[in-house]
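Have a look at the structure below, then the notes.
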Amino acid sequence: MLEDNQTPQITPRTNPLTDNLRREMETMMSRFFGGASPFFPMDSAAQRTGFPSLDMTGAVSPAIDINETDAAIELTAELPGLAEDDVEIELKDRRLTIRGQKNVTHDSGGDLHISERSYGSFARTMTLPDTVDVEKITAEFDKGVLQITMPKTEPKDPSRKIKVSSK
């Protein structure tokens, strides 16, 4: 029982099964991409109910699939209600960013009783592995689905020996 001047303490709910699964997924992604997971936080995918969903920071985020073949890494993003002109893809310092904006389309007439559709801007950024040939990345957009193909190449080894000289 709380005294009059005490504030109740709220502890976050945890689920050991989903917490362990999330940690395993983050570890797997970290190993695959050689560093921090480019898809963090994973909670946004687990809590997804449609496009765009909210991630842990409150930002909207599209649903994506990533498939790797011997020749390429293929990213597919669901962007329902958007047109090709509503989507921007940027590559800078091996970080691929997908941005877009879904505007409200309600008519001004009538009374809107329920609105479960999501609107607003989104951005999704991920670090690409060294095996991606960034010069050959292509993107196609068809019926609300964005397909980005990232051909693979041999990773370039940035290591080199530096000769030590005396003064």
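For residue 141, the shell of other residues with beta-carbons less than 10 Å away shows a net charge of -4, using +1 for Lys and Arg and -1 for Asp and Glu. FRET efficiency for the residue 118 to residue 86 pair, using the beta carbon distance and R₀ = 22 Å, is estimated at 0.95.
Taking a straight Cα-Cα cut-off under 18 Å and skipping sequence neighbours fewer than 8 places away in the same chain, the lysines within cross-link reach of residue 92 are 136, 152, 156. Counting Lys and Arg as +1 and Asp and Glu as -1 over every other residue whose Cβ lies under 10 Å from the Cβ of residue 86, the net charge comes to -1.
Every read-out reported here was derived from the displayed coordinates using simple, explicitly stated rules and does not represent laboratory data. As the structure is a prediction and not an experimental result, all values here were calculated from the model. Cβ atoms come from the backbone with ideal geometry, glycine included; neighbour counts cover every protein chain shown.
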